[in-house]
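Undergrad: I have a structure here, written as structure tokens, and I will follow up with some questions on it.
The values are calculated or read from the model by the stated rules, or taken from the named source; none is laboratory data. Note that the coordinates shown come from a computational prediction; the quantities given were computed from them, not determined experimentally. Positions of Cβ are generated from backbone atoms using ideal geometry, with glycine treated the same way; all protein chains shown enter the neighbour counts. Areas reflect the complete protein model, heavy atoms only, side chains present, ligands, DNA and RNA absent. Shrake-Rupley method; radii C 1.70, N 1.55, O 1.52, S 1.80 Å.
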Amino acid sequence: MKVLLVEDEPDLASFIKKGFESEGYDVTVAYDGRTGWSMYQQQPYDLVILDVNLPYLNGIELCRSIRAGRLRVPVLLLTSLDSLADKEIGFAAGADDYLVKPFAFRELLLRARALTLRYAETSTPQRLQLADLELNLDSKIVTRAGQRINLTSREYSLLEHLLRNQNRIVSRVDISEQVWEVDFDTTTNIIDVYVGYLRKKIDKGAAVKLIHTVVGMGYVMREG
């Protein structure tokens, strides 16, 4: 399970990271809001933990940015601000939970587990959709503007992965690990080839292109 921790206090960040990793979590740390937002856009996370008072982009603003996207992810705020008004601001920004510093790590862990379990139980969609493109997870049928698109098994898996991470940049390494389930071989262009196959089937002739290349970083599915 992947956790994004955005905390500008190095000692506290290290303490939380070690605690979660001892429980089997994979933790990525950012020390300011701008870096945290960049990391969030590059790969999917199962949980986001945000300090409120962050450099460059505070936790409230970062939470709003996360909530403006389509992908649902639990967000837990950490802060020393404990007034009801402060909590109202945090929840209004889209936070799922609010933990006041100082706190016991065990309480943080319990809250994190409860949030991820809640999302796991409620966020599994029956279909994935972007603009007029729809992927039915039950029937495995893909349509655009109501017209069925025939995909190979590999093309379907690649499209599903891109749709699950829509509006986020997905690297070739991530695609290799999540779709091909192998270590990335820098000598092959197989991923670019399959993205090309998808483009021909998904975007060819469409007024709005959905599959975009981000030079030097990977691919992203978004409208326009």
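Undergrad: Residues Leu54, Leu50: which one is open to solvent by less than 50 Å² (accessible area, probe 1.4 Å) and assigned to a strand (DSSP E or B)?
TA: That would be Leu50, the only listed residue that is open to solvent by less than 50 Å² (accessible area, probe 1.4 Å) and assigned to a strand (DSSP E or B).
Undergrad: Next up: Could you tell me which residue of the range 193-211 is farthest from the chain's Cα centre (by Cα), considering only residues that are open to solvent by less than 30 Å² (accessible area, probe 1.4 Å) and under 16 Å from Ile175 (Cα atoms)?
TA: So the residue we want is Gly196.
Undergrad: If you scan the range 102-127, which residues turn out to be outside any helix (DSSP H, G or I) and at pLDDT 90 or above?
TA: Correct list: Pro102, Phe103, Ala104.
Undergrad: While we're on this one: Residues that are open to solvent by 60 Å² or more (accessible area, probe 1.4 Å), out of contact with any Cys (no Cβ under 7 Å at 6 or more places or on another chain), of a type in the set (Gly, Ala, Ser) and under 23 Å from Leu162 (Cα atoms): does the range 68-77 have at least one?
TA: For the range 68-77, residues open to solvent by 60 Å² or more (accessible area, probe 1.4 Å), out of contact with any Cys (no Cβ under 7 Å at 6 or more places or on another chain), of a type in the set (Gly, Ala, Ser) and under 23 Å from Leu162 (Cα atoms): present.
Undergrad: Filter the range 146-172 down to the residues that are touching a residue at least 40 places away in the same chain (Cβ under 8 Å) and assigned to a helix (DSSP H, G or I) and list them by number.
TA: Of everything in the range 146-172, those that are touching a residue at least 40 places away in the same chain (Cβ under 8 Å) and assigned to a helix (DSSP H, G or I) turn out to be Arg154, Glu155, Leu158, Leu159, Leu162, Leu163, Arg164, Arg172.
Undergrad: Ok, one more. For Tyr45, which of the numbered conditions (1) hydroxyl-bearing (Ser, Thr, Tyr); (2) at pLDDT below 95; (3) within 21 Å of the chain's Cα centre (by Cα); (4) open to solvent by 40 Å² or more (accessible area, probe 1.4 Å) fails to hold?
TA: In the conditions (1) hydroxyl-bearing (Ser, Thr, Tyr); (2) at pLDDT below 95; (3) within 21 Å of the chain's Cα centre (by Cα); (4) open to solvent by 40 Å² or more (accessible area, probe 1.4 Å), Tyr45 misses (4) alone.
Undergrad: Looking at (1) open to solvent by 40 Å² or more (accessible area, probe 1.4 Å); (2) within 15 Å of Ile60 (Cβ to Cβ); (3) over 19 Å from the mean Cα position of the chain (by Cα), can you tell me which one Asp96 breaks?
TA: With respect to (1) open to solvent by 40 Å² or more (accessible area, probe 1.4 Å); (2) within 15 Å of Ile60 (Cβ to Cβ); (3) over 19 Å from the mean Cα position of the chain (by Cα), Asp96 is out only on (3).
Undergrad: Look at the range 155-177 and say how many of its residues are of a type outside the set (Asp, Glu), surrounded by fewer than 17 Cβ atoms within 10 Å (Cβ to Cβ) and modelled with pLDDT under 90.
TA: Qualifying residue count, the range 155-177: 1.
Undergrad: Take Glu181 and tell me if it is modelled with pLDDT of 90 or more, acidic (Asp, Glu) and within 28 Å of Met217 (Cα to Cα).
TA: Criteria not met by Glu181.
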